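Encoded as structure tokens, the structure appears first; notes follow it.
Derivation of every value follows stated rules applied to the coordinates shown; laboratory data play no part. This structure is a prediction, so every number in the text was calculated from the model and none was measured. Note that we place each Cβ from the backbone using ideal geometry, even for glycine, and neighbour counts take in every protein chain shown.
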């Protein structure tokens with residue numbers, strides 16, 4: 001099942017962001033940032049005591065917080081909070097009960113969501129929280145997010161109130177493909193073109209798609225589930241109500257997908273937002289396929305600029321494709337394993353390649369390699385490039401074992417994790433790709449020493 005969403009809510013200046021940072025800092029495992037992709041911390045996928053969840057800081061939910069916050073909360077939060085599975089309502093125990101607490105509590109109560117009630121800034125044992133029982137949610141848990149007091153009890157309360165984990169109903173051999181990208185790059189148009197009918201709304205107005213829409217389809221006898229999602233803006237652009245929570249729906253769509261197909265507007269080449277979105281798919285640990293849509297417009301523009309007497313159309317097309325791919329690979333160097341397709345939802349060019357390519361990426365995403373071949377690849381990699389000394393000590397690699405799929409995950413046993421340099425991890429991952437392919441899927445490499453302590457990495 002998709003990871004549940006836990007939203008921290010409350011009036012201004014009660015310490016929501018401090019608690020968010022504290023919980024993220026206490027994570028046992030958190031999706032790593034992709035190198036070179038700057039990210040704002042509005043929400044994070046975290047693991048608390050073995051349970052995955054998406055933790056949301058709603059400090060920017062309705063724009064900059066001020067004395068008029070609750071007016072905007074009434075307009076937007078009722079919709080936004082519906083995306084959460086659990087609300088963590090925070091009050092300021094030092095300041096005491098104020099009128100805005102009543103109004104926020106009413107919004108929370110109307111949402112119908114489970115609530116964990118906490119009073120923050122309770123560093124002093126003399127402070128009393130009993131007055132907050134007037135809000136009708138019982139006596140809140142005592143907490144100091146700044147000093148970390150009461151965090152363990154809070155995590156226990158969060159876990160006790162989350163929905164039970166259930167296995168999703170799966171269609172045999174179905175490939176789940178989520179189309180993601182910036183607003184108005186043509187995701188819905190691609191799905192409609194693939195289906196031959198208008199199943200999702202297409203409009204020139206950016207942001208037409210608000211929800212993640214699942215569409216079951218069979219192509220050449222192969223079952224697929226296509227997920228059309230709301231356009232993802234940069235995280236700093238996602239703080240306004242419905243727009244902000246549409247991005248959470250997109251993240252949930254990725255959680256139930258095998259492959260994320262990132263649709264890029266070929267006319268605009270690769271933007272920083274595109275890099276962010278590719279990073280979202282990698283962070284989610286899903287297969288990856290890059291689709292540059294509106295290629296017909298790029299080609300038409302190039303032909304208009306060309307000299308018809310000197311340039312052959314076929315040569316122009318070949319040069320154009322090579323240049324575009326080179327620039328894209330430079331800007332998305334951290335996703336070099338993903339296949340690139342050039343498409344047009346208007347003319348149909350390249351569209352029939354999308355689902356087979358996504359299916360191939362999904363197969364690589366679920367691939368399990370022969371342990372004997374894996375051991376051979378490790379031995380050859382070590383012979384070709386021995387680890388360097390760090391000080392007076394050298395890294396010693398004892399074994400490499402595949403421990404999971406979706407994505408392919410490998411455990412590397414070494415003498416001391418402190419001796420493992422990131423460049424050597426990257427070298428080993430590259431050797432795995434060279435030997436086994438793994439096109440279209442990230443690879444996780446878990447490094448642990450004789451003591452059994454593990455460290456995770458994705459490349």
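To the nearest whole percent, what portion of all C-alpha pairs in region 364-419 is separated by more than 18 angstrom? Intermediate values should be presented prior to the final figure.
Numbers: 646 of 1540 pairs.
Of all Cα-Cα distances in region 364-419, 42 percent exceed 18 Å.
How long are the semi-axes of the equivalent ellipsoid of region 371-458, taking √(5λ) for every eigenvalue λ of the Cα gyration tensor, in whole Å from largest down?
Details: eigenvalues 82, 43, 28 Å².
After scaling each eigenvalue by five and taking roots: 20, 15, 12 Å.
Give me the distance in nm between label points sitting 7 Å out from Cα along the Cα-to-Cβ direction at residue 435 and residue 137, one decimal.
Inter-label distance under the simple model: 5.3 nm.
Taking the beta-carbon count within 10 Å as an exposure proxy, list 144, 17, 423 from fewest neighbours to most. Walk me through the intermediate numbers first.
Working: 144 21, 17 17, 423 9.
Fewest-to-most ranking of 144, 17, 423: 423, 17, 144.
Using a 10 Å cut-off around each Cβ, can you sort 158, 190 from fewest to most neighbouring Cβ atoms?
Working: 158 22, 190 26.
Listed from fewest to most nearby Cβ atoms, that is 158, 190.
Can you sort 22, 326 from fewest to most other Cβ atoms within 10 Å of each residue's own Cβ?
Working: 22 18, 326 10.
If I rank by nearby Cβ atoms, fewest first, I get 326, 22.
What's log10 of I(q)/I(0) for region 310-406 at q = 0.14, 0.18 Å⁻¹, Debye sum over Cα points only, no solvent?
Relative scattering, expressed as log10 I(q)/I(0), comes to -0.86, -1.05.
What does the extension gain come out to for residue 47 and residue 339, with contour length at 0.36 nm per residue minus their alpha carbon separation?
Taking 0.36 nm per residue and subtracting the Cα distance, the gain is 102.1 nm.
Kirkwood hydrodynamic radius for region 80-144: how many Å is it when counted over pairs of different Cα atoms?
Numbers: mean 1/r = 0.0826 Å⁻¹.
Its Kirkwood hydrodynamic radius stands at 12.1 Å.
Efficiency by 1/(1 + (r/R0)^6): what FRET value for residue 174 and residue 370, r their Cβ-Cβ distance, R0 = 22 Å, to the nearest 0.05?
0.25
Evaluate the distance, in nm, between pseudo-label points positioned 7 Å from the Cα of residue 109 and of residue 218 along their respective Cα→Cβ axes.
The modelled label-to-label distance comes out at 5.2 nm.
Report relative contact order for region 371-458 in percent, whole number only (criteria: Cα-Cα under 8 Å, sequence separation at least 6). List each step's numbers first, then the result.
On the way: 121 pairs, mean separation 23.3, N = 88.
Computed value for region 371-458: 26 percent relative contact order.
Would you mind computing, in nm to one decimal, how far apart the modelled labels at residue 398 and residue 149 are, each placed 7 Å from Cα along Cα→Cβ?
4.4
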